[in-house]
Amino acid sequence: MGTGNQTYVREFILLGLSSDWDTRVSLFVLFLITYMVTVLGNFFIVLLIRLDSRLHTPMYFFLTNLSLVDVSYATSIVPQMLVHLLIEHKAIPFVSCAAQLFFSLGLGGIEFVLLAVMAYDRYVAVCDPLRYSVIMHGGLCTRLAITSWVSGSLNSLMQTIITFQLPMCANKYIDHISCELLAVVRLACVDTSSNEIAIMVSSIVLLMTPFCLVLLSYIQIISTILKIQSREGRKKAFHTCASHLTVVVLCYGMAIFTYIQPRSSPSILQEKLTSLFYAILTPMLNPMIYSVRNKEVKGAWQKLLGQLSGLTSKLAI
């Protein structure tokens, strides 16, 4: 399997978080519970939006997309990580590693663009409420959602192709919890300057550009809110955006910390913990944030629970 001093790697070994058995079992239980909460939480958000006609609005259409992205992202990483916590030989085939990088990177990119789209939706809702239904019509919402999915997928495809064309020589140990882009690039036994430039350009286009659009949207939103005379009106306008703004801080904060930084930092452990937070906690927290801080979602939950309670009572009779 070699030509000269180059060896083509058939599989990689993920070093994971810990080699201690007791620690791995504890992490397995913790991550399994977190993953189950993530799947159920996002599933119920999507189901609730589907069943309650009051939530058939652009905001909740985009929230449905966000929930699907979150579940898919967690699923691209967590199940394999759970398996690896219980086995000694943490191998992942070359093709599986490439597929994992493609899906995780693509879904992350989709989420960044989707959050920018949601910020535009909130901008229109607060700054031009009288024309909201005219501007945010079904056709535009569908096109914006498609743009999010296509742009993230294309970027991921490009990064995956150029990354796995690198000669890995005999390097097959990935010091990470998954086949993460930077961790795989570090395995190359050639100069990776062009790859690093591509990652930086990709980060600017698919991470910083949406982030700047979100920032501009919220500058306009805050400016509009401050002009509202009544305290109740300002409070209502703020609550319209509070859930989305919280999710933006979580998602963009972690991604910027990972990809937009000096090369000397952070440490490998920090990278692992950041990726872990983004793969496990963020997808779990998103539905909770929208449920706890959103009156419409809480009202829909109460209505659904009331209907289920009434149905249970009838069945009991």
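Rounded to the nearest 10 degrees, the inclination of helix 209-227 to the longest alpha-carbon principal axis of the chain is 20 degrees. Close Lys pairs in the chain, defined as Cα atoms under 27 Å apart and 8 or more places apart or on different chains, number 15. Nonpolar atom fraction for segment 3-120, defined as the carbon and sulfur part of the 1.4 Å probe accessible area, stands at 69 percent. Considering only alpha-carbon pairs that sit under 8 angstrom and 6 or more positions apart, the relative contact order computed for the chain is 28 percent. To the nearest 10, the accessible area of His137 is 80 Å² with a 1.4 Å probe. What is the Cα centroid distance between segment 171-192 and segment 41-79, reported in whole angstrom? Using only Cα atoms to place each centre, the spacing works out to 32 Å.
If you sort Ile256, Ile204 by accessible surface, 1.4 Å probe, largest first, the order is Ile204, Ile256. Judged by a Cβ-Cβ distance under 4.7 Å, the unpaired cysteines of the chain are Cys127, Cys141, Cys212, Cys241, Cys251. For the chain, the mean residue ellipticity at 222 nm estimated from helices alone is -25000 deg cm²/dmol, where every DSSP H run of n ≥ 4 contributes -39500 (n - 2.57) and the total is divided by all residues, rounded to the nearest 500. Taking other residues whose beta carbon is less than 14 angstrom from the beta carbon of Asn42, and scoring Lys, Arg as +1 and Asp, Glu as -1, yields -1.
Sorting Val117, Val190 on solvent-accessible area from highest to lowest, probe radius 1.4 Å, gives Val190, Val117.
Residues in the chain average 51 Å² of solvent-accessible surface per residue, probe 1.4 Å, ligands and nucleic acids excluded.
The values are calculated or read from the model by the stated rules, or taken from the named source; none is laboratory data. Values in this document were obtained by computation on a predicted structure and should not be read as measured data. Here the Cβ is made from the backbone with ideal geometry for all residues, glycine too, and neighbour counts use every protein chain on show. The area values use the complete protein model at the heavy-atom level, side chains included, leaving out ligands, DNA and RNA. Shrake-Rupley method; radii C 1.70, N 1.55, O 1.52, S 1.80 Å.
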